[in-house]
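Accompanying notes for the structure given below.
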Amino acid sequence: MFGGVGLSWETTFFAVIDDDTVFFKVDAETRPAFEQAGSGPFDPFKNGKPMRGYYELPPEILEDREQLAVWRATAVAVSRRAPSPKRRAPSAEPRVPKK
């Protein structure tokens with residue numbers, strides 16, 4: 001895991017803060033606005049394998065409360081319409097407590 005902080009709106013996880021940088025949830029529809037602003041994807045381990053579902057929030061948006069509210073609402077909407085992560089199937093063998 002990385003040492004970042006997650007942000008939620010009501011019960012919806014929509015953003016990450018890591019190294020004093022805010023990253024909002026994106027999808028194919030919203031990613032172009034981030035790319036046009038010069039933002040890149042979240043790379044928590046700095047290994048060149050970014051998480052393309054989160055992009056850096058443009059710094060000028062943080063300075064504008066009205067725009068920040070719009071971008072936040074959009075990130076929340078993206079997160080709400082994203083498919084839920086697939087859960088692992090239970091193992092075939094039941095767990096037996098160790099003695």
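Derivation of every value follows stated rules applied to the coordinates shown; laboratory data play no part. Keep in mind it's a predicted model, so treat the numbers as computed, not measured.
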Report summary line: Given backbone amide H placed at 1.01 Å from N, residues whose amide H is under 5 Å from that of L57, ignoring those fewer than 5 places away on the same chain, are V22, F23, F24
Requested in this report: Express in nm, to one decimal, how much length is gained between E29 and E66 on full extension, taking 0.36 nm for each residue of separation and deducting their alpha carbon distance.
Outcome: 11.2 nm
Report summary line: Sorted by chain and then number, the residues having a modelled amide H within less than 5 Å of the amide H of M51, at least 5 places away or on another chain, are F42, D43
Query - Against the rule of thumb 2.2 N^0.38 Å, how large the Cα Rg of the stretch 5-81 comes out - result: 1.01
